[in-house]
Amino acid sequence: MSRDSYVIDDSARSPDADIWFALPPGFIPLPLQDLTTAEGEPVQTEGPLSGLGPVLRLAQLLLETGAVHCSLGLHADDEGDGGLLLSLFTLAWRGTGWAPRSVLAARAAVGAEGAAHIEILDLPCGPAALVQTRLEAPSELGLGAPHGLLQVTAYVPCFDGRRIAILSLATTTGGHAEHYRDLLRNIAGTVSFEDPLPDASDSDVVPNKD
């Protein structure tokens, strides 16, 4: 059986890199800093991103709240009508006072408002928490989500015990909650706070970074 392959993002080799992760096929990195013009209007997009104005406006909103990475997920609905399912993956950091990483993960989980699902994870990089919530989408985004956004979030404390990496998946497709939990759980399992690339080549399984 052949090994899965991932493209190495240039930022993964940056001397300033402090977290690495891998995204499965179907995710397109969004250049958050280029999504707005000087006037704050959405950039006109072409090709695969054309017609995705509402989603890009949501990405802009996420940037304003501190996201440092955002990727657009495009996946076929294998259990429905075969249509396209859209999601947004984001990475953000949260500073915190020092505590054991297991405590930080537990605190993040119980502190999430309106959690419909909570689980504690034992990842290769250490303890973490997975939380499912539902968010109200601002009407001006025009996302067509009358029941709000499904959001699944993984809280992964850093080795220093003073920062938490926050990995989130947001989608209007609330009926696939279990699948999005599985997807983010797998992504969180690839997180590393130590450089995994020294002996890697472009054909190896290697992660993206921000």
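Readers should treat all values here as calculations from the given coordinates under stated rules, not as data from a laboratory. Note that this is a predicted model, so its numbers are computed, not measured.
Measuring between their Cα centroids, the range 93-135 and the range 58-78 lie 20 Å from each other.
The HN-Hα couplings worked out from phi for the range 9-17 by the Karplus form 6.51 cos²θ - 1.76 cosθ + 1.60 (θ = phi - 60°) are 6, 4, 5, 5, 9, 5, x, 8, 4 Hz, whole numbers, x standing for Gly and Pro. The relative contact order of the range 61-135 comes to 22 percent, based on Cα pairs under 8 Å that sit 6 or more residues apart. Rounded to whole numbers, the Karplus 3J(HN,Hα) couplings from phi for the range 62-68 are 5, 4, 5, 9, x, 5, 10 Hz, using 6.51 cos²θ - 1.76 cosθ + 1.60 with θ = phi - 60°, and x at Gly and Pro. Amide H contacts under 5 Å for CYS158: ARG163, ILE164, ALA165, restricted to partners 5 or more places along the chain or on a different chain, H placed in the peptide plane at 1.01 Å from N. On full extension, the segment bounded by TRP98 and ALA112 gains 3.1 nm, given 0.36 nm per residue less the C-alpha separation.
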